[in-house]
Amino acid sequence: MLEIPNSDKLEEVVAEPISPMLSIADIKQLSHEYAKRKIRCQITVKKVDVNTNWYDNVCTTCGDEVQLQEGRFRCEKCVRNIPFPDKRFRLATICNDETGVLAILLPDDEIQRILGKNAFDIEYDENEVSAEITFPPSLKSFEKKQFVVTLLITDQNVKKTCSVYNAIELNDPVEVLGNHSPLKKQDITSDPISETMVVDRTPDTSSSPPTGKSTTKVRSRTTDGEASDSMYENVPLAKFKIVKTEKK
Ligand SMILES: [Zn+2]
């Protein structure tokens, strides 16, 4: 049976057909009516915080974060011990645009979608976590990437009692805005991460540049006989796959 939306629902749909695109300076000034609302912002990830945990242990029932208490993980909400908690990416970043910087937590499901891996995959990959590697390179590689982030503004954000913003969606600016301006080369070549980024699917939008195949391969560094090939020009962020290169 077809459900007729009540006036509340209807209002909700009409009021927010697409989240407004704001600058970081605007986001910091949002008034209380923006609490619990979504807004969008085009940012560059300036820094990934490698000093905080890159995942949370979460309750397998309710999804809340669980803490170790006397050697056991316990969910306060479910009031039970969790023998084997689930793991959720927790990526704390400092992002910027031309108007300022903003601390943003990137969402687990979007990180999974972009990497094609979940937190367990990363934790048990010796190229990501080992005695020598303290922070997974795949997560660190979010640095210098551009996204259109959708933020869910909290009460605390508008009351200015919390300056960390929660992202719920990450999109490629090219796909969202149809903007084909390529990333600056200096941004890419200054990236200390030595992964090769490979397009794992043929770009499926007709607006994609015709250089999406192997012709975009750029030999970015040839010093000391060490070379890393990067294909990055206009690569839709949601579609790349990060492949580790062997260290010699
Ligand atoms: Zn729980």
Hey, rough spin-label estimate for K159 and C78, points 7 angstrom out along Cα→Cβ, what's it come to in nanometres?
2.9
Return the distance in nm (one decimal) between the two label points of a simple spin-label model at K38 and E98, each offset 7 Å from Cα along Cα→Cβ.
2.7
Find the Cα radius of gyration of segment 13-80, compare it with 2.2 N^0.38 Å by division, and give the number to two decimals.
1.66
For D86, residues with placed amide H under 5 Å, excluding near neighbours:
V58, T60
Ranking of S138, S19, S31, S163 by count of other Cβ atoms within 10 Å, fewest first:
S31, S163, S19, S138
Expressed in µm² per second, the diffusion coefficient of segment 118-182 from the Stokes-Einstein equation, with Rh the Kirkwood radius over alpha carbon pairs, at 37 °C and 0.692 mPa s, is 223
Interchain or long-range residues, amide H under 5 Å from Y165's placed H:
A103, I104, L105
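Throughout, read-outs are computed from the coordinates displayed, never taken from laboratory work. As the structure is a computational prediction, the values presented were derived from the model and not from experiment. Heads up, the Cβs are rebuilt from the backbone with ideal geometry, glycines too, and the neighbour counts pull from every protein chain shown.
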